[in-house]
Structures are given as C-alpha cells and as structure tokens.
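Asker: Got a structure for you, questions after.
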C-alpha cells in the first residue's frame with residue numbers, strides 16, 4: 001500500500017521481499033531478515049516503477065522519472081543502472097507485458113504511450129491516446145493494452161501486437177484505476193466523480209468494449225484495483241478527506257462490495273500492489289497432464305510457500321477425493337528455485353482415483369487458498385467399482401523395460417493396480 005500524500009515510497013513485492021522506490025533510490029528489502037539490504041542510486045526522482053523478469057533480460061526494475069521525461073532501467077542482479085530511456089512528457093505510469101518483453105509508459109504530458117523493448121532498452125513505438133493518461137495495464141494474453149485517460153473521461157484500448165490504437169471507451173467520469181481479471185475476460189475501470197465525491201467501477205468486456213455491469217457507491221476516489229489470482233475477489237483502495245483511506249473487498253460473482261476496511265495514515269492509500277506467488281514456484285507433478293490413472297495413487301508436487309496445500313478435482317471442493325495435502329517433505333532439487341528458503345517443500349496426498357469415475361477429469365492445485373497454475377486434465381479407468389477384491393492375476397509384458405527383456409506384472413489389491421514383480425533376463 002502506498003501513502004497518498006507522501007508518494008516518495010512505493011513498493012513492488014516478490015517472493016522473498018520487496019523493492020522500494022524512495023526518491024532517488026531503489027531499496028532492496030529482504031523479507032527473511034526484515035531489513036533493507038542494499039540501495040541503488042537512480043540519479044533522479046522516481047515517480048513509478050515496474051518489475052521485469054526475462055526472458056530477454058535479467059530481472060530488472062524500470063523507473064519513470066516524470067520531471068526528467070525518462071525511464072531508468074536497473075539490473076537487479078548487479079544492482080546497477082543499465083540504461084536511461086528518453087520517453088514522452090511527464091511519464092506517470094508503467095506496465096510490463098505478460099511475456100516480459102516490453103515496458104509500456106503512460107506519458108501524461110504528451111498524451112502518448114511509449115513502448116520500450118526490454119532486449120534493447122529502446123523505444124520501438126509511440127502510440128497516441130487520450131488526455132492525461134495516468135494508468136496503463138496489459139492484458140494477461142498480451143493482446144491488449146488499456147490506458148486510463150484521466151482528463152479525457154475515457155479509456156483507450158490498444159492492439160499490443162501491432163502497437164496501434166484500437167478504440168476509445170467513453171466514460172461519464174474520470175478513470176482513476178484499471179485492472180484485468182486473471183483470465184482477461186473482464187476489465188475493471190474505476191470512475192471518479194469529484195463533485196460527489198464517490199467512485200464506481202465499470203466492469204467491461206475488453207473484447208467487445210461492452211459494459212457488463214457497474215459496481216456502485218464506493219466512497220472517495222479509487223486509486224488502485226487488484227484482482228485475486230482466482231478472479232473471485234477484487235480489492236479497491238481509496239483515499240479519504242480525513243486521516244484515513246479504505247480498502248474495499250468486492251465479490252466478482254455478485255459485483256458488490258462485501259467488506260470495507262479503514263486504513264489509518266496520512267490522507268489514505270494511493271495504490272495497492274498484491275504480492276502473489278508466481279505460478280512457476282508451485283507445481284503439481286502428479287497426476288501429469290494427459291496421463292492415465294486408476295486405482296490408488298499419489299497426488300504430489302512442491303510449493304515454495306505453504307503450508308495450506310489443497311487439491312481439488314473437477315471444481316468440486318467437497319468431492320470424495322479432494323483434500324488437504326500434508327506439506328513439508330524433503331525436496332532438495334527445488335532449493336535453488338525457492339531461493340534457499342527451505343528444501344522441505346514437497347507435498348503428497350493419497351487418493352483413490354476410482355472414486356472419480358471413468359472418463360476425463362481435472363486436478364487443480366491451491367496454495368494458501370489461491371489457485372496455482374492451470375488445472376491438469378487426465379483420464380481415469382475404473383476396473384470394477386471403487387475397490388476390486390478377490391482378483392488375482394499375473395501378466396507378462398514383452399520387450400519392457402528395454403528390447404529383449406520381459407516384465408512380469410502382478411495385481412496388488414491394496415493399491416488397486418498392477419506392480420512390477422520381476423524383470424528377465
């Protein structure tokens with residue numbers, strides 16, 4: 001959360017802590033030691049920034065400096081400035097493309113968006129938009145860029161593939177915040193009415209630009225919107241006239257405010273940034289996508305963060321095979337990926353796949369209540385009901401595991417599956 005009146009401090013969270021923008025410096029805050037461990041001099045006042053993490057570069061932060069009309073690129077591996085990019089007048093907001101290849105800069109003074117190629121740190125396109133662009137967001141699929149035109153009472157939609165202006169969505173007030181749903185099917189645009197003073201959030205279909213509905217009556221100006229990774233909840237932050245701001249929790253299903261929290265501070269909240277666990281840092285390894293399952297098997301994987309690990313099958317949290325997986329088994333192979341936090345990050349849950357029934361099914365991993373990675377689809381074959389009893393069988397499989405060798409399989413009732421009994425020669 002950023003302080004509204006003193007905007008000298010801003011933050012971007014990653015798994016292990018945060019980067020803080022404070023005046024002419026970017027500070028690295030270590031979440032494990034709860035201390036600032038290094039600082040990087042920008043050489044000019046920073047106003048906003050965005051994080052980029054590959055594939056065409058090392059992890060970088062791009063900092064906009066409004067008074068100087070530049071964006072500074074900082075290599076976070078070397079903690080040093082690697083480029084200074086001239087952009088339009090008064091750059092006010094930044095966004096990173098979904099594929100991490102481009103940084104988009106909303107230039108409030110020149111009514112344009114600059115496109116920076118991360119590989120070359122060069123501006124490859126300048127796109128005209130509406131009056132005083134103050135917020136810019138990129139769609140999850142990388143196809144669209146949406147810009148809030150503060151003084152134009154409109155939102156510009158840009159084709160991010162061709163870097164051309166696609167259309168303008170007229171609003172009945174000043175847009176103050178934007179966010180996409182994780183699937184990209186909804187655009188949330190906060191509209192501020194200064195004479196009231198209240199806000200509403202327009203829910204827009206970005207493909208058709210049609211208004212789906214409106215979330216009404218949020219007191220004061222909405223300065224930031226964040227959508228949870230499962231798309232079910234929306235957080236909208238505001239600043240007030242007194243010494244507080246509010247954080248509004250909104251249901252995406254009903255499009256209504258379900259809770260409001262007061263936040264003490266100097267004139268409230270300027271923005272909201274949600275710290276999420278990146279999908280690559282939690283993996284469901286079994287069952288694998290497009291695999292075949294039957295009988296009793298292990299659902300397993302690893303997660304850098306825990307310890308509430310759940311696996312849901314077929315979107316049914318109360319189904320016969322859904323449940324919480326024990327967490328904390330040794331996984332030394334993931335230690336480097338998890339930044340040295342812990343090697344005890346494996347999980348496993350024993351399930352009877354026969355209970356799902358024959359046919360196609362899907363498994364979804366949840367970490368601390370948040371869905372991680374797309375669900376995996378697999379196929380279940382049920383030999384004879386939930387648990388086959390009394391069956392005895394041995395079969396030989398030729399040329400397995402290698403040509404010229406034969407494996408003998410034996411039915412294991414306790415596992416409801418076949419196991420390898422022997423391999424000859």
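The values are calculated or read from the model by the stated rules, or taken from the named source; none is laboratory data. Bear in mind the structure is a predicted one, so any value in this text is a computation, not a measurement. Backbone-built Cβ (ideal geometry, glycine too); neighbour counts: all protein chains shown.
Asker: Could you say which residue among 160, 179 is surrounded by 13 or more Cβ atoms within 10 Å (Cβ to Cβ), touching a residue at least 60 places away in the same chain (Cβ under 8 Å), closer than 14 Å to residue 147 by Cβ and under 20 Å from the mean Cα position of the chain (by Cα)?
Answerer: 160
Asker: Among 106, 98, which is the only one that is touching a strand residue (DSSP E or B) at 6+ places or on another chain (Cβ under 7 Å), within 20 Å of residue 143 (Cβ to Cβ) and surrounded by fewer than 20 Cβ atoms within 10 Å (Cβ to Cβ)?
Answerer: Selected residue: 98, the only one of 106, 98 that is touching a strand residue (DSSP E or B) at 6+ places or on another chain (Cβ under 7 Å), within 20 Å of residue 143 (Cβ to Cβ) and surrounded by fewer than 20 Cβ atoms within 10 Å (Cβ to Cβ).
Asker: How about the stretch 392-418: which of its residues are surrounded by 11 or more Cβ atoms within 10 Å (Cβ to Cβ) and either without any contact (Cβ under 8 Å) to a residue 12 or more places away in the chain or part of a loop (DSSP other than H, G, I, E, B) (or both)?
Answerer: Matches in the stretch 392-418: 400, 405, 412, 413, 415, 416.
Asker: Determine which single condition residue 369 fails, assuming it passes every other condition in (1) surrounded by fewer than 13 Cβ atoms within 10 Å (Cβ to Cβ); (2) over 30 Å from residue 305 (Cα atoms); (3) at pLDDT below 95.
Answerer: All conditions pass for residue 369, except number (2).
Asker: I'd like to check something: does the stretch 301-320 contain any residue that is closer than 28 Å to residue 409 by Cα, surrounded by 16 or more Cβ atoms within 10 Å (Cβ to Cβ) and free of Cβ contacts under 8 Å to residues at least 60 places away in the same chain?
Answerer: No, because not a single residue in the stretch 301-320 is closer than 28 Å to residue 409 by Cα, surrounded by 16 or more Cβ atoms within 10 Å (Cβ to Cβ) and free of Cβ contacts under 8 Å to residues at least 60 places away in the same chain.
Asker: For the stretch 139-174, name all the residues that are closer than 15 Å to residue 201 by Cα and in a loop (DSSP other than H, G, I, E, B).
Answerer: Passing the criteria: 150, 153, 171, 172, 173.
Asker: Right, another one. Out of the residues in the stretch 375-391 meeting the condition of being surrounded by fewer than 14 Cβ atoms within 10 Å (Cβ to Cβ) and either over 17 Å from residue 322 (Cα atoms) or at pLDDT 95 or above (or both), tell me which one is nearest to the chain's Cα centre (by Cα).
Answerer: 381
Asker: State whether one or more residues within the stretch 334-342 are assigned to a strand (DSSP E or B) and either closer than 19 Å to residue 281 by Cα or within 24 Å of the chain's Cα centre (by Cα) (or both).
Answerer: Checking the stretch 334-342: not a single residue is assigned to a strand (DSSP E or B) and either closer than 19 Å to residue 281 by Cα or within 24 Å of the chain's Cα centre (by Cα) (or both).
Asker: I'm checking my understanding of the structure. Among residues of the stretch 62-101 that are in a strand (DSSP E or B) and within 17 Å of the chain's Cα centre (by Cα), which one is nearest to residue 40 (Cα to Cα)?
Answerer: The residue in question is 94.
Asker: Now a separate question. Please count how many residues of the stretch 228-259 are modelled with pLDDT of 75 or more and part of a loop (DSSP other than H, G, I, E, B).
Answerer: 7
Asker: Return a yes/no flag: does the stretch 131-138 have any residue that is more than 27 Å from residue 216 (Cα to Cα), at pLDDT 95 or above and assigned to a strand (DSSP E or B).
Answerer: Checked against the condition, which is being more than 27 Å from residue 216 (Cα to Cα), at pLDDT 95 or above and assigned to a strand (DSSP E or B), the stretch 131-138 yields no hits at all.
Let's see how each residue does on (1) at pLDDT 80 or above; (2) surrounded by 19 or more Cβ atoms within 10 Å (Cβ to Cβ); (3) on the phi < 0 side of the Ramachandran plot; (4) out of contact with any helix residue (DSSP H, G or I) (no Cβ under 6 Å at 6 or more places or on another chain):
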site	(1), (2), (3), (4)
13	no, no, yes, yes
50	yes, yes, yes, yes
74	yes, yes, yes, yes
79	yes, no, no, yes
83	yes, no, yes, yes
113	yes, yes, yes, yes
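Asker: For the stretch 194-224, which positions are more than 18 Å from residue 260 (Cβ to Cβ), in a loop (DSSP other than H, G, I, E, B) and in contact with a strand residue (DSSP E or B) (Cβ under 9 Å, 6 or more places away or on another chain)?
Answerer: 194, 205, 206, 207, 209, 210
Asker: State yes or no: is residue 280 at pLDDT below 80, out of contact with any strand residue (DSSP E or B) (no Cβ under 7 Å at 6 or more places or on another chain) and assigned to a loop (DSSP other than H, G, I, E, B)?
Answerer: No.
Asker: Can I ask one more? Residue 59 is checked against (1) within 21 Å of the chain's Cα centre (by Cα); (2) more than 23 Å from residue 133 (Cα to Cα); (3) surrounded by 19 or more Cβ atoms within 10 Å (Cβ to Cβ) and fails just one. What number does that condition carry?
Answerer: Failing condition for residue 59: (3).
Asker: A further question on this structure: Give the number of residues within the stretch 368-389 that are within 21 Å of residue 358 (Cβ to Cβ) and part of a loop (DSSP other than H, G, I, E, B).
Answerer: 9
Asker: Go through (1) modelled with pLDDT of 90 or more; (2) touching a strand residue (DSSP E or B) at 6+ places or on another chain (Cβ under 6 Å); (3) over 22 Å from residue 203 (Cα atoms) and name the single condition residue 262 misses.
Answerer: It fails just one condition, (1).
Asker: How about the stretch 280-293: which of its residues are surrounded by 18 or more Cβ atoms within 10 Å (Cβ to Cβ) and more than 26 Å from the chain's Cα centre (by Cα)?
Answerer: 293
Asker: Here's another thing I want to ask about it. I'd like the residue in the stretch 374-391 that is in contact (Cβ under 8 Å) with a residue 60 or more places away in the chain and out of contact with any strand residue (DSSP E or B) (no Cβ under 6 Å at 6 or more places or on another chain) and, out of all such residues, is farthest from residue 299 (Cα to Cα).
Answerer: Applying the filter and picking the extreme gives 383.
Asker: Which one of the conditions (1) within 22 Å of residue 48 (Cβ to Cβ); (2) modelled with pLDDT of 80 or more; (3) more than 21 Å from the chain's Cα centre (by Cα) does residue 267 fail to meet, given that it meets all the rest?
Answerer: Here residue 267 clears every test but (2).
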